[in-house]
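Here the structure comes first, spelled out in structure tokens, and everything after it is commentary.
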Amino acid sequence: MSNSPGNPPFSKHIIPYTFLIILLFSLLGCAEKNQDKGKKVFNINLNEGLTSLDPAFARNQNALWMVNQLFNGLVQVDDSLKTVPAIARSWEISADGRTYTFFLRPDVYFHDNPLFPQGKGRKVVAADFVYSYSRIIDPKIASSGAWIFNDKVNGKDAFKALSDSVLQITLKKPFTPFMSMLTAQYCSVIPHEVAEHYGKDFRNHPVGTGPFRFKYWKEGEILVMLKNEKYWETDGTNKLPYLDAVKATFISDKQTAFMEFIKKNLDFFNSIDGSYRDDILTKSGKMTKKYQGKFQLRTGPYLNTEYLGILVDTSMAIVQSSPLRDKKIRKAINYAIDRRKMIKYLRNSIGTPAHAGFIPKGMPGFDMEKVKGYEYNPAKAKRLLSEAGFPNGKGMPEIKLQTSTTYKDLIEFVQGELNGIGINCRVEVNQATSLREQIAKNSINFFRGSWIADYPDGENYLSVFYSKNYVPIGPNYTSFKNRKFDALFERSFLETDNEKRYALYREMDNLVMEESPVVVLFYDQLINLYQNDITGMSNNAQNLLILKRVIKK
């Protein structure tokens with residue numbers, strides 16, 4: 001999963017903050033100061049901008065967050081990352097694992113919109129999902145989520161509405177993680193009347209079924225969503241959501257945005273930038289005395305693996321001329337890095353040192369005892385270098401490690417560790433967009449990368465090493481090829497018993513660690529800050545923003 005570039009700096013915006021507040025008041029029909037009306041507005045900042053509100057293009061965190069407020073799919077994940085009902089109240093899977101039949105709730109309606117009769121949102125039916133999924137795989141739409149279905153179905157005929165309340169999806173072959181994939185925001189339902197009317201402009205005229213409905217978006221300045229009074233979910237007694245509105249601003253500088261949080265102009269703040277991390281966190285990851293009691297700080301596993309990737313296909317000229325083609329050198333690099341030290345001093349203990357495999361902590365089936373990665377062992381690293389013909393690195397050509405500016409400190413730490421065992425490593429810093437393009441073209445031998453889960457199943461991580469996902473078709477950026485891995489990967493599609501499938505995942509992960517096309521640095525942790533008057537925030541390992549149960553006192 002990749003992130004797209006952010007919006008221009010906030011200083012370029014011409015509408016002052018006070019006017020934005022006034023605008024919001026008029027949209028809500030009352031001022032926040034009007035306490036007797038008691039409107040509860042959740043304030044958030046999206047520092048990296050927002051590219052689209054169309055679920056077909058929900059490819060980065062901010063888009064995922066906002067789409068999740070406006071739309072629903074057949075299924076959703078709970079805080080334990082289990083797949084649970086949403087618009088589909090139940091489902092059946094055929095004995096051969098190819099046909100999925102979904103039975104829809106009868107009480108889900110699209111948001112009101114002038115394009116519906118009398119402007120009233122109509123009921124969602126199975127044909128709406130047929131339209132939505134067919135749209136995802138339509139080449140004319142060019143959805144970034146087309147991969148979810150493209151290699152799994154035979155075109156649009158795979159989606160059928162058996163009645164208004166029954167949807168059927170037929171796969172080309174069994175694929176057990178399919179239900180998990182359907183929780184992705186790409187798979188949200190949309191109304192054809194609105195999508196066809198607006199075409200590409202559906203991105204800023206979204207209509208869904210979610211807990212909040214779209215009101216206003218001035219790109220780079222403000223986004224307002226209002227409570228969906230007709231939302232179908234409840235807490236068992238009361239209708240959701242509890243909030244009256246969600247307001248997003250777009251301050252691009254994280255330090256400026258953090259000051260807005262400190263001034264209580266924001267209710268939520270995600271992640272902590274390196275420039276002020278020491279001000280908030282001790283080296284052991286605890287809140288500093290300066291801020292204790294002033295706001296809430298919550299951490300937890302985040303399905304993001306930070307790693308170094310290494311091209312390993314020896315049929316490539318770029319690999320043939322690199323010492324990294326030798327597995328012993330790749331293993332030496334793995335043993336040379338003190339991940340615990342890196343996490344403590346460069347990340348204030350936010351993250352888990354990656355001593356297991358590529359699948360991160362927090363993913364169902366993760367087991368650090370059964371997947372053996374690399375502990376810090378510089379003596380073993382030096383021994384492997386000698387066995388490769390380069391005692392203490394003597395005679396070994398310089399290797400170049402490429403990264404983006406954001407991760408320069410981490411990569412310079414790695415550089416120091418490699419130099420410490422005799423490997424001459426040079427760091428080259430690129431723009432993030434340029435680096436991604438070069439990685440996708442297999443034109444870089446050694447690079448810093450990350451993999452954020454698209455859906456909560458280990459298959460998503462292992463797909464990075466499947467030979468049929470070789471770039472440009474898929475995300476196999478290291479050009480890893482291994483027949484045993486491929487056979488296990490394809491076998492896992494058929495395994496319906498979760499524990500047995502997780503065992504296959506661990507076997508594949510161990511195989512990847514043995515071959516070392518990657519150097520896994522750490523498994524990320526989410527770190528979220530909330531004001532003290534906020535309760536009901538979700539804490540899930542996908543860091544998916546779920547606001548329907550949030551209460552602002």
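Just to check your reading of the model, which residue among GLY38, GLY73, GLY97, GLY49 is at pLDDT 50 or above, of a type in the set (Gly, Ala, Ser) and in contact with a Cys (Cβ under 6 Å, 6 or more places away or on another chain)?
From the options GLY38, GLY73, GLY97, GLY49, the qualifying one is GLY73.
Please go through the stretch 209-233 and give me each residue that is assigned to a loop (DSSP other than H, G, I, E, B) and either over 26 Å from ILE251 (Cβ atoms) or charged (D, E, K, R) (or both), ordered by number.
Of everything in the stretch 209-233, those that are assigned to a loop (DSSP other than H, G, I, E, B) and either over 26 Å from ILE251 (Cβ atoms) or charged (D, E, K, R) (or both) turn out to be THR209, GLU219, GLU221, ASN228, GLU229, LYS230, TYR231, TRP232, GLU233.
Kindly establish whether THR496 is modelled with pLDDT under 95 and either surrounded by fewer than 23 Cβ atoms within 10 Å (Cβ to Cβ) or more than 30 Å from SER94 (Cβ to Cβ) (or both).
Against the criterion (modelled with pLDDT under 95 and either surrounded by fewer than 23 Cβ atoms within 10 Å (Cβ to Cβ) or more than 30 Å from SER94 (Cβ to Cβ) (or both)), THR496 qualifies.
Just one of (1) in a strand (DSSP E or B); (2) at positive phi trips up LEU529, so point out which.
(2)
Residues that are under 20 Å from ILE546 (Cα atoms): find the strands (runs of 3 or more DSSP E) completely inside the stretch 48-152 holding 1 or more of those.
Correct list: 75-77, 83-85, 88-93.
Say whether the condition of being in contact with a helix residue (DSSP H, G or I) (Cβ under 8 Å, 6 or more places away or on another chain) and in contact (Cβ under 8 Å) with a residue 12 or more places away in the chain is met by at least one residue in the stretch 115-122.
yes
What single numbered condition from (1) on the phi < 0 side of the Ramachandran plot; (2) modelled with pLDDT of 95 or more fails to hold for GLY199?
With respect to (1) on the phi < 0 side of the Ramachandran plot; (2) modelled with pLDDT of 95 or more, GLY199 is out only on (1).
Do we have any residue at all in the stretch 460-472 that's at pLDDT below 95, closer than 20 Å to PRO174 by Cβ and in contact with a Ser or Thr (Cβ under 7 Å, 6 or more places away or on another chain)?
There is at least one residue in the stretch 460-472 that is at pLDDT below 95, closer than 20 Å to PRO174 by Cβ and in contact with a Ser or Thr (Cβ under 7 Å, 6 or more places away or on another chain).
Looking at the stretch 356-415, which of its residues are closer than 30 Å to TYR455 by Cβ and surrounded by fewer than 17 Cβ atoms within 10 Å (Cβ to Cβ)?
ASP367, MET368, GLU369, LYS370, LYS372, THR405, THR406
Within the stretch 83-93, is there a residue that is more than 30 Å from ASP201 (Cα to Cα), modelled with pLDDT of 95 or more, surrounded by 20 or more Cβ atoms within 10 Å (Cβ to Cβ) and outside the structural domain of GLY362 (by TED's automatic domain parsing)?
Yes: the stretch 83-93 contains one or more residues that are more than 30 Å from ASP201 (Cα to Cα), modelled with pLDDT of 95 or more, surrounded by 20 or more Cβ atoms within 10 Å (Cβ to Cβ) and outside the structural domain of GLY362 (by TED's automatic domain parsing).
Give just the number: which of (1) on the phi < 0 side of the Ramachandran plot; (2) surrounded by fewer than 20 Cβ atoms within 10 Å (Cβ to Cβ); (3) not assigned by TED's automatic domain parsing to the domain that holds ASN445 does GLY285 not satisfy?
The single condition GLY285 does not satisfy is (1).
Output the residues belonging to the stretch 236-259 that are under 22 Å from LYS218 (Cα atoms) and of a type in the set (D, E, K, R).
ASP244, LYS247, ASP253, LYS254, listed by residue number.
On the given criteria, is ASP78 over 27 Å from the mean Cα position of the chain (by Cα) and either surrounded by fewer than 22 Cβ atoms within 10 Å (Cβ to Cβ) or among the hydroxyl-bearing types (Ser, Thr, Tyr) (or both)?
So ASP78 does not fit the description; no.
Return yes when THR314 is under 25 Å from the mean Cα position of the chain (by Cα) and not aliphatic (A, V, I, L, M) and no when it is not.
No; evaluated as a whole, the condition is false for this residue.
Does GLY145 satisfy the condition of being crowded, with 18+ Cβ neighbours inside 10 Å, at pLDDT below 95 and among the small types (Gly, Ala, Ser)?
yes
Looking for whichever is surrounded by 24 or more Cβ atoms within 10 Å (Cβ to Cβ), out of contact with any Pro (no Cβ under 6 Å at 6 or more places or on another chain), farther than 30 Å from ASN445 by Cα and not basic (Lys, Arg) here; the options are ASN532, ASN543. Which one fits?
Checking each option against the conditions leaves just ASN543.
When you scan the stretch 175-185, do you find a residue that is surrounded by fewer than 19 Cβ atoms within 10 Å (Cβ to Cβ), assigned by TED's automatic domain parsing to the domain that holds ALA56 and either assigned to a strand (DSSP E or B) or not polar (S, T, N, Q) (or both), even just one?
Checked the stretch 175-185: no residue is surrounded by fewer than 19 Cβ atoms within 10 Å (Cβ to Cβ), assigned by TED's automatic domain parsing to the domain that holds ALA56 and either assigned to a strand (DSSP E or B) or not polar (S, T, N, Q) (or both).
Filter the stretch 404-455 for residues that are part of a loop (DSSP other than H, G, I, E, B), out of contact with any strand residue (DSSP E or B) (no Cβ under 8 Å at 6 or more places or on another chain) and polar (S, T, N, Q) and give the result.
Listed by number, the residues that qualify are ASN442, SER443.
Can you tell me which residues in the stretch 227-261 are of a type outside the set (Lys, Arg), buried (at least 16 other Cβ atoms within 10 Å of the Cβ) and farther than 30 Å from PHE110 by Cα?
Listed by number, the residues that qualify are ILE251, SER252, ALA257, PHE258, GLU260, PHE261.
Determine, yes or no, whether ALA257 is among the aliphatic types (A, V, I, L, M) and farther than 18 Å from SER132 by Cβ.
yes
From (1) in the same structural domain as LEU504 (by TED's automatic domain parsing); (2) more than 25 Å from LEU385 (Cβ to Cβ); (3) among the aromatic types (Phe, Trp, Tyr), pick out the condition that doesn't hold for PHE258.
Result: PHE258 fails condition (1) only.
Restrict the check to the stretch 111-133 and report whether at least one residue is among the polar types (S, T, N, Q), modelled with pLDDT of 95 or more, more than 20 Å from GLY210 (Cα to Cα) and out of contact with any Lys or Arg (no Cβ under 8 Å at 6 or more places or on another chain).
Looking through the stretch 111-133, at least one residue is among the polar types (S, T, N, Q), modelled with pLDDT of 95 or more, more than 20 Å from GLY210 (Cα to Cα) and out of contact with any Lys or Arg (no Cβ under 8 Å at 6 or more places or on another chain).
Can you tell me which of (1) part of a loop (DSSP other than H, G, I, E, B); (2) small (Gly, Ala, Ser); (3) surrounded by fewer than 17 Cβ atoms within 10 Å (Cβ to Cβ) is the one GLY199 doesn't meet?
Unmet condition: (1).
The values are calculated or read from the model by the stated rules, or taken from the named source; none is laboratory data. A quick note: this is a predicted structure, and the numbers were derived from the prediction, not measured. Cβ coordinates were reconstructed from backbone atoms using ideal geometry, including for glycine residues, and neighbour counts include every protein chain displayed.
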